[in-house]
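A quick write-up on the structure given underneath.
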Amino acid sequence: MRILSGAWLLALTVLPLLSQAQDTRKVVKYHQFPEIPQYREEYSVLKEDRTIRHGEYKWFHLRA
């Protein structure tokens with residue numbers, strides 16, 4: 001009985017953490033300027049507010 005109550009306690013602790021996740025959208029931007037080398041940005045934004053970046057940010061230099 002003690003093991004079962006421990007499992008319930010664990011489930012009740014983890015469940016709110018899983019339900020708070022927010023959906024993200026991947027953004028890929030290509031920048032091409034005549035005076036600056038070309039580059040590409042990759043990052044994720046929240047679907048509800050696209051001004052908030054979330055997660056890993058990548059910057060790639062593109063060869064001409």
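Every read-out reported here was derived from the displayed coordinates using simple, explicitly stated rules and does not represent laboratory data. Keep in mind it's a predicted model, so treat the numbers as computed, not measured. Note that each Cβ is placed from the backbone with ideal geometry, even for glycine, and that neighbours are counted across all protein chains shown.
Against the longest alpha carbon principal axis of the chain, how many degrees, from 0 to 90 and to the nearest 10, is the axis of helix 2-19 turned?
Taking Cα atoms only, the helix is inclined about 30 degrees.
Quick query: amide H of ARG53 versus all other amide H atoms, modeled in the peptide plane; which residues come in under 5 Å with a sequence gap of 5 or more or a different chain?
HN-HN under 5 Å from ARG53: empty list.
Here are some values of Cα Rg over 2.2 N^0.38 Å: (i) 1.15; (ii) 1.23; (iii) 1.95. Which one was computed from this structure?
(iii)
So what is the calculated 222 nm ellipticity per residue for the chain, using -39500 (n - 2.57) for each DSSP H run with n of 4 or more, over all residues, to the nearest 500 deg cm²/dmol?
Here the helix-only value at 222 nm equals -9500 deg cm²/dmol.
Only Lys, Arg, Asp and Glu count, each charged at its Cβ (+1, +1, -1, -1), so figure out the dipole size of the chain about its Cα centre, rounded to 20 debye.
Computed about the Cα centre, the dipole is about 140 debye.
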